[in-house]
Amino acid sequence: MAKKNCILLVDNGSYKASSVLSLRRIARDLSKYSGYSVHPVSLLHSTKIDPDELDGVPADIVEPFFVEKISKGIDSFLVVPLFYGRSAAIYEYLPQRVTAIKKEFTNLEVRIADPLVDIRNTKNDDIAQILADLIRDKISENTLKLPSVALVDHGTPRKQVNDVRNFIAGQLQDILSNEVSELKPSSMECRPEPEYEFNRPLLEDLLGSDGYTGDVIISMLFISPGRHAGEGGDIHTICLESEKQNEGLKTYISGLLSDHQGIVKILDSRLKEGMDLLPI
């Protein structure tokens with residue numbers, strides 16, 4: 001008889017309460033939509049947040065969560081990643097930690113579902129369609145005429161993850177070809193070594209360059225609010241500084257993926273597909 005999976009919706013973790021509260025909201029919505037109980041759990045960091053900022057309920061992170069559940073007789077888990085691509089955090093670090101835990105708890109089984117974006121399937125543009133909706137919201141709210149769009153992610157040491165950014169940018173260019181004048185991918189930051197140049201251009205360099213001197217929508221390739229995304233975050237700061245340096249530049253920051261109800265449908269698909277995977 002197959003074991004029943006304990007299902008986790010897992011993000012990277014944050015020191016910001018708003019990120020944990022967003023994860024919890026998405027997990028609740030996914031539970032209702034899928035019919036399964038889904039636990040909001042972060043990979044790291046979030047237990048440092050004062051529970052008073054989290055409605056009195058401390059955040060969960062993966063390793064202690066596994067150990068607590070195992071102590072109660074639950075040893076089969078399905079991780080649904082709240083990640084755009086195959087981040088090292090979820091597909092390398094987490095399996096390493098599972099291997100370490102299995103030395104003590106040998107019956108542990110962990111399955112890891114696919115991330116939000118599968119670049120092997122060029123017809124799958126679900127995420128790009130959501131981002132296009134969020135861009136259109138800004139066009140409509142501000143009565144913009146053919147604005148430029150800068151798609152921005154955090155920046156990554158993994159080319160695989162950067163490929164997801166560029167893949168989505170290409171899809172957005174097709175979807176919005178008659179609604180925007182320019183659309184280019186960028187990153188918030190980049191390591192200085194030459195092998196990480198694939199992250200460029202940086203957002204701060206794109207803003208004010210040719211085609212990016214007037215109305216520019218910042219399309220956020222961030223899932224939930226945190227110290228990078230959201231009011232007063234790093235992206236907001238970059239935009240304000242660029243506007244000071246470039247007369248005529250006006251930036252409009254899009255909503256986040258977590259703001260759009262379509263994220264739940266995509267996660268439900270990943271959850272259902274993940275049920276049939278072999279344990280790592």
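The values are calculated or read from the model by the stated rules, or taken from the named source; none is laboratory data. Please read all numbers here as calculations on a predicted model, not as lab measurements. Virtual Cβ from ideal backbone geometry, glycine too; neighbours counted across all protein chains shown.
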Exercise. Which one is surrounded by the most Cβ atoms within 10 Å (Cβ to Cβ) among residues in the stretch 134-150 that are touching a residue at least 40 places away in the same chain (Cβ under 8 Å) and among the β-branched types (Val, Ile, Thr)?
Worked result: 149
Exercise. Of all the residues that make up the stretch 248-272, how many are among the acidic types (Asp, Glu) and at pLDDT below 95?
Worked result: 1
Exercise. Going by the structure shown, is residue 202 touching a strand residue (DSSP E or B) at 6+ places or on another chain (Cβ under 9 Å), buried (at least 17 other Cβ atoms within 10 Å of the Cβ) and in contact (Cβ under 8 Å) with a residue 12 or more places away in the chain?
Worked result: no
For this session: Could you grab me the full set of residues in the stretch 25-65 that are among the charged types (D, E, K, R) and more than 26 Å from residue 97 (Cα to Cα)?
Result: 25, 28, 29, 32, 52, 53, 55
Exercise. When the stretch 183-230 is examined, which residues are found to be more than 18 Å from residue 144 (Cβ to Cβ) and among the charged types (D, E, K, R)?
Worked result: 189, 191, 193, 195, 197, 200, 204, 205, 210, 227
Exercise. Applying the selection to the stretch 151-180, what residues are more than 20 Å from residue 86 (Cα to Cα), surrounded by fewer than 16 Cβ atoms within 10 Å (Cβ to Cβ) and not acidic (Asp, Glu)?
Worked result: 177, 178
Problem set entry | Contacts under 7 angstrom Cβ, first residue in the stretch 171-189 being without any contact (Cβ under 8 Å) to a residue 12 or more places away in the chain, partner surrounded by 23 or more Cβ atoms within 10 Å (Cβ to Cβ) and not small (Gly, Ala, Ser), 6 or more apart | 173/183
Problem set entry | Qualifying residue in the stretch 96-104 (condition: under 17 Å from residue 8 (Cβ atoms) and touching a residue at least 40 places away in the same chain (Cβ under 8 Å)) | yes
Exercise. For the stretch 15-45, which residues satisfy the criterion of being among the hydroxyl-bearing types (Ser, Thr, Tyr) and either touching a strand residue (DSSP E or B) at 6+ places or on another chain (Cβ under 6 Å) or modelled with pLDDT of 95 or more (or both)?
Worked result: 31, 33, 34, 36, 37, 42
Seminar exercise, completed: Exactly one of 231, 247 is over 28 Å from residue 175 (Cα atoms), over 16 Å from the mean Cα position of the chain (by Cα) and surrounded by fewer than 21 Cβ atoms within 10 Å (Cβ to Cβ), and that one is 247
Exercise. Given 9, 21, which one is part of a strand (DSSP E or B) and surrounded by 17 or more Cβ atoms within 10 Å (Cβ to Cβ)?
Worked result: 9
For this session: Provide a single number: the residues in the stretch 134-163 that are outside any strand (DSSP E or B), at pLDDT 95 or above and among the hydrophobic types (A, V, I, L, M, F, W, C).
Result: 5
